[in-house]
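Following: one structure in structure tokens, then a few remarks.
Here, each number is a calculation from the coordinates, and none is a lab measurement. The shown structure was predicted, so the numbers you read here are calculated from the model rather than taken from an experiment. Cβ sites come from the backbone with ideal geometry, for glycine too, and all protein chains shown count toward neighbours.
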Amino acid sequence: MKDKPIIDQPPVLLVKSSFQRLIDLLHKKGYRVLGPALRDGAVLWDTIRQVSDLPVGWRDVQEPGRYRLEETGSHDIFSVVHGPQSLKPLTFAPREPLLQIERTKDGFSVRPALPDEEKVAVLGARACDLAGLAIQDHIFLKGAYRDPYYEARRKGLLVIAVNCTRALATCLCASMETGPRATSRFDLVLTELDDSFLIEAGSEVGRELLAELSLTVASKRLVEEATHRIDACARSQVRRVDRSRLPQALYDAHEHPRWDVVAARCLACGNCTMVCPTCFCHRAEEPADLTQQYSEHLRLWDSCFTQEHGYIHGKNIRPTTKDRYRMWLTHKLASWVDQFGTSGCVGCGRCITWCPVGIDLTEELPVLLTQDRT
Amino acid sequence: MRDVADPQRPNPYEIHPATIVGRIPEAEDIETYRLQYVNPAMRRAFRFAPGQFNMVYAFGVGEVPISIVSDPDEPDLLDHTIRVVGRVTKAIAHLKPGDILGLRGPFGVGWPLDEARGRNVIIVTGGLGCAPVVGAIEYIFRRRDRYGAMKILHGVKSPHDLLYRERFDAWRRHPDTEVLLTSNQPDKTWRYHVGVVTELFEQVSIDPAKSMVLMCGPEIMMRLGVPIFMRRGIPATAIYLSLERHMECGIGLCGHCQLGPYFLCKDGPVMRYDRVMPLLGKAGV
């Protein structure tokens, strides 16, 4: 699923003090602009009208089980790497009606509740998020069945990525080969420098936007500076996953005693699956309607950590937390490869940060893959 | 919100109303519902293979995956054998002929009945999990001359659990057909073998090179039973299992029905044994 490079023009320069021009242009083109916004001690996607809506002068510190925002005093716009949300909730809604079903004289009638095709520009997607988007595109659009709900949201999405120049302690995109440089599935990609942004287009729409901004080509020195910062970001990552023996070695580790050790810590809360950019499990629900005349057939995100996930009449396939953590990790890093041709992990590190007890897959995996089972 | 249906791209989540045209009692808590699409165009266009399933919808409650057990040459009327086990099936049990259910399907991969042509077919079922093979058995008997010898092996715990008693008696009367029943907790009325179903696998006469095995029932029966057939010379590639997992969508997207790398709703529910051999009996898989 590796896409070929999509940039065919040299980077152009936008001085930081003119960043509002980009936001204004997106509004003029009819996009609702979403970007990271400070909310409840983290960043969430929210409507951006001006630069000051973005977390200017803030950065995030992430560690296993820990997320903190700090003020830096700088005028950097994109120093917060990411919050709990990847792009996933923008294309695969956490809760959405699939069908509206109404009782009629003869039975019932069914009306698909497809979302409106809305133009949304998301500002500040990271390379790991784009890798997650590529995986979800593959699942929802390229399989035997195409998901029209996902498709409607995806169609209207304009992606403005930001190359990472700062790695978190939880980042592992370099070892998953998904970042820190964005290489596909963006319309524009920015690299933030001290006083300016380098911008490159990755699609026809992106090229048209750049043409309207009529910016000058960036100097060789600044291009080198950008490359240097992105490379340094990759080198500074402290976590990694060794995939050389995957998927087989993890299948072979099914009886490893380490699963019991991690299960003793795991709360089976499902946070890791909610923040994961690739997890796609969902379930259907029909909230009771007191009049019994109308029913909404909903789809909600589900998690393999729930009691119900593996339930079939009278029997639970995965009754224990150990079964569920093993299912999640084995799916993510092993069976995903057999199913979709790539790893299900894009190296964003969110599962590490947002785990309430700080379970870290980069710590568990090497132990699970160690032959010596002591 | 849009409600425009694009005929070129059917919405795989769309439920289509179907009338209950008949209810056939099979056993306590089990009935076969004969359904017919309300929309004549759906009725004409619908095709399925034995072993495939539909998502059956009860208004205001939800959907459950149910195997289609009627004959694929008569896709106008679709039989679904349903046991009351949960919220949706309970809601369905309250409906009567003339009432409306919803259907979405057909989904999954069914029994290899073309490949089985000209071969002896051994059909194995256990416990209550019999419905998916009933369609295959009836299919073969309607085309009896295309297939070799038929052996139907069925095991129950107590005689009380023996469903489809009349069907077993009817099947027994077909030419070149053997029906072997067993119970491991028999009562005085039990006229058949006493013991677990895997004992029948040892006893039944088979020509391993010419035989194909179709199995449906508890996974433990498959896990313990398949090695017996293999020891008797039937290759893993001639043994097919209908497997069961939780399913919410039927189209390989909801993630619940995974068995190792497979999604049983689209890669199964019928799986060739050699593909799932290492996965069966693994805890939590």
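Would you please put B:131-140, B:38-47, B:78-87 in order of how densely packed they are, using the mean number of other Cβ atoms within 10 angstrom per residue and starting with the highest?
Details: B:131-140: 24.3, B:38-47: 13.0, B:78-87: 19.4.
Result, highest mean first: B:131-140, B:78-87, B:38-47.
May I ask for the angle, rounded to the nearest 10°, between helix B:219-231 and the longest principal axis of chain B, with both axes built from Cα atoms and the value confined to 0 to 90°?
50
Answer with one residue from B:50, B:228, B:184: the one whose Cα lies farthest towards the positive end of the charge dipole of chain B, charges on Cβ with Lys, Arg +1 and Asp, Glu -1.
Comparing the listed Cα positions along the dipole, B:228 ranks first.
What size of dipole, in debye to the nearest 20, comes out for chain B about its Cα centre when the only charges are +1 on Lys and Arg C-beta atoms and -1 on Asp and Glu C-beta atoms?
Working: 35 positive and 32 negative charges, 66 e Å.
Dipole about the Cα centre, nearest 20: 320 debye.
Over what distance in Å are the Cα centres of the stretch B:246-285 and the stretch A:24-60 separated?
For the stretch B:246-285 versus the stretch A:24-60, the Cα centre distance is 42 Å.
Take peptide B:50-59, look around each residue's Cβ out to 10 angstrom, count Cβ atoms belonging to other protein chains, and average those counts.
On the way: counts 0, 0, 0, 0, 0, 1, 0, 8, 2, 11.
Per-residue shielding by partner chains comes out at 2.
In nanometres, what is the gap between the two model label sites at residue B:202 and residue B:157, each 7 Å from Cα along Cα-to-Cβ?
Placing both labels 7 Å beyond Cα along the Cβ direction yields 2.3 nm.
Quick one: grab the alpha carbon gyration tensor of the stretch A:248-368, order the square roots of its eigenvalues as a ≥ b ≥ c, and give me rounded if a/c is under 1.5, else prolate or oblate depending on whether a/b is larger than b/c. Mind dumping the intermediate values first?
Numbers: a/c = 1.99, a/b = 1.80, b/c = 1.10.
The shape class here is prolate.
What average number of partner chain Cβ atoms lie no more than 10 Å from the Cβ of the residues making up A:309-318?
6
Can you give me the C-alpha center-to-center distance between the stretch A:116-157 and the stretch A:61-105, rounded to a whole angstrom?
14
Quick one: Cα centre-to-centre distance for the stretch B:16-72 and the stretch B:165-189, in angstrom?
Using only Cα atoms to place each centre, the spacing works out to 27 Å.
Report P(r) for chain A: all Cα-Cα distances, bin width 20 Å, range 0 to the bin holding the largest distance, values in whole percent.
27, 55, 18, 1
What ranking do B:232-243, A:117-128 get when scored by the average of other Cβ atoms within 10 Å per residue, highest first? Let's see the in-between values first.
Details: B:232-243: 19.7, A:117-128: 22.4.
Top to bottom by mean Cβ count within 10 Å: A:117-128, B:232-243.
When the Karplus curve 6.51 cos²θ - 1.76 cosθ + 1.60 is applied with θ = phi - 60°, which whole-Hz ³J(HN,Hα) does each residue of the stretch A:171-184 get, with x for Gly and Pro?
After applying 6.51 cos²θ - 1.76 cosθ + 1.60, I find 6, 9, 5, 4, 6, 8, 6, 10, x, x, 8, 6, 10, 7 Hz.
Any idea what angle helix B:131-142 forms with the longest principal axis of chain B, computed on alpha-carbon atoms, 0 to 90 degrees, nearest 10?
It is inclined by approximately 80 degrees.
Report, as an integer, the average count of C-beta atoms from other chains found within 10 Å of each Cβ along A:339-345. Display every interim value, and only then the final one.
Numbers: counts 7, 1, 0, 0, 0, 0, 0.
Shielding by partners across A:339-345 averages 1.
Apply the Debye scattering formula to the stretch B:120-276, with a single equal point scatterer on each alpha-carbon and no solvent, then give log10 I(q)/I(0) at q = 0.13, 0.18 Å⁻¹.
Calculated log10 I(q)/I(0) at the listed q: -0.62, -1.12.
According to a simple spin-label model (label point 7 Å from Cα along Cα-to-Cβ), what is the distance in nm between residue A:214 and residue B:44?
Each label point lies 7 Å from its Cα, and together they span 6.0 nm.
Express the relative contact order of chain A as a whole percentage, based on alpha carbon pairs under 8 Å and six or more residues apart in sequence. Display every interim value, and only then the final one.
Details: 729 pairs, mean separation 80.1, N = 374.
It rounds to 21 percent for chain A.
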